[in-house]
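Taking it in order: structure first as structure tokens, then the write-up.
Laboratory data are not the source of any read-out in this text; all were calculated from the coordinates shown. Everything quoted here is computed from the prediction, not taken from an experiment. Here the Cβ positions follow ideal geometry from the backbone for every residue, glycine too, while neighbour counts run over all protein chains shown.
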Amino acid sequence: SLTIGIVGLPNVGKSTLFNALTKNDVLAANYPFATIEPNVGVVGVPDARLAKLASIFKSERILPATVDFVDIAGIVRGASEGEGLGNKFLANIRESDAICQVIRAFKDENVVHVDGKVSPKDDIETINTELILADLQTIEKVLPRLQKESRIKKDVAPKVKAVEEAKEILEKGDTLFSQGILQGSDRAELLHDLHLLTTKPFLYVFNVDEDELTDDTFKAEQRALVAPAEAIFLNAKLEQDLAELDEEDALELLESVGAEEPGLATLARVGFDTLGLQTYLTAGPKESRAWTIKKGATAPEAAGVIHTDFQKGFIKAEVISFADLVETGSVAEARAKGKARMEGKDYVMQDGDVVEFRFNV
Ligand code: GDP
């Protein structure tokens, strides 16, 4: 499955956040015999529709979609030159599908900042600089060879051009993701085998003091620092406390700080979206469940997520939109009212589709 790597400078609250994430581990809750890697937290993507489906279908259990977060220790200034855990760090990041940067905004004299002062802007720059330098090193290693090759093989020219363009962006101090280099062109394919770090989607977690959780001016300023990447605001210590409380007490604590949902829930949802994923739903007496697919997946591809045989033998998908199902109250009634659609192999799955697949075995 796709993973999000958590990175950040020392002492920004990564471990605290990660502890909260692993306490929320849905694998541990739903699959007691699953192997759980120590540096991976599997978090459920909150989806209120599942509870509604479970009540309609009298489901025994609810299974949300999940996002895997990987704790990547060790970014420090100089990581791109192999400082600290440099090389291991870069290899770990390379394996992640998106990068989640934890940025310290909380003020606490008892917690030392590596650079002596709390400055989200400087910290973001420090991390981005390391990632940019690592990408420039990669490019400097391959570009001369590619340029030489393109003198003999004409079809290498587009790749050389893409790499040169990437180099130019990086030399200006920008990440490739922020400049949208992979959008609307074949550059993604041309650059793929370089495994550049800054082409990955970024998202930012600001670890803030509790009173900043509801400070819209502050939040707008931080958002501006990281756009077009998404920003999430949470307090890591609060998240750790929330993860230890039962639902009722957690709600009370959330209310007391003026938050609508735990920061981890927001993080899971935004992370899921950043990875380019969406869900479709299935429901029955056994379980109501959200299944993970890539945005734009077709019905057979969606069936394949349940079982490869479902994809191979795909005939049709019976689709009812969640809204229609809730309005009609049952599958039978939805069918009677003409709200159940039979979709074929070219159908592109939509958010909120409740599906039953028909297939040959
Ligand atoms: P890491 O080095 O990034 O993994 O940071 P840690 O999670 O170990 O946190 C470093 C220190 O900051 C610890 O003493 C935490 O208790 C503290 N800390 C983490 N999050 C917060 C927070 O939101 N507010 C405050 N005041 N302290 C925090």
Cα-Cα over 19 Å: which of K14/K88; K23/K117; K107/K237; K316/K339; K52/K286?
K23/K117
Please say if the chain is rounded, prolate or oblate, where rounded means a/c under 1.5 for a ≥ b ≥ c the square roots of the C-alpha gyration tensor eigenvalues, and otherwise the choice is prolate for a/b larger than b/c and oblate otherwise?
oblate
Springs between alpha-carbon pairs under 10 angstrom, Gaussian network model over the chain: which of I56, I232, I99 fluctuates most?
I56
Relative contact order (%) - region 296-359, alpha-carbon pairs under 8 angstrom, separation at least six
48 percent
Taking a quarter of the surface of the Cα convex hull of region 174-262, what do you get in nm²?
7.8 nm²
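Treat the count of other C-beta atoms within 10 Å as a stand-in for reagent exposure and order S59, S185 from fewest to most.
Going from sparsest to densest Cβ surroundings: S185, S59.
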Could you check the simple spin-label distance between H195 and L143, using points 7 Å along Cα→Cβ, in nm with one decimal?
2.1 nm
What is the set of long-range amide H partners of F202 at a cut-off below 5 Å, with H atoms built 1.01 Å from backbone N?
I99
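By the gyration tensor of its Cα atoms, with a ≥ b ≥ c the square roots of the eigenvalues, what is the shape of region 296-359: rounded for a/c under 1.5, prolate for a/b over b/c, or oblate? It would help to have the intermediate numbers written out before the result.
On the way: a/c = 2.35, a/b = 1.92, b/c = 1.22.
Prolate.
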Quick one: net charge of G313's neighbours, Cβ under 13 Å, K/R +1, D/E -1?
+3
Nearest-20 debye value, the chain charge dipole, Cβ charges on Lys, Arg, Asp, Glu:
1960 debye
For L213, L2, order by how many other beta-carbon atoms lie within 10 Å, fewest first
L2, L213
What order do you get for M349, M342 when you list them from fewest to most C-beta neighbours inside 10 Å?
M342, M349
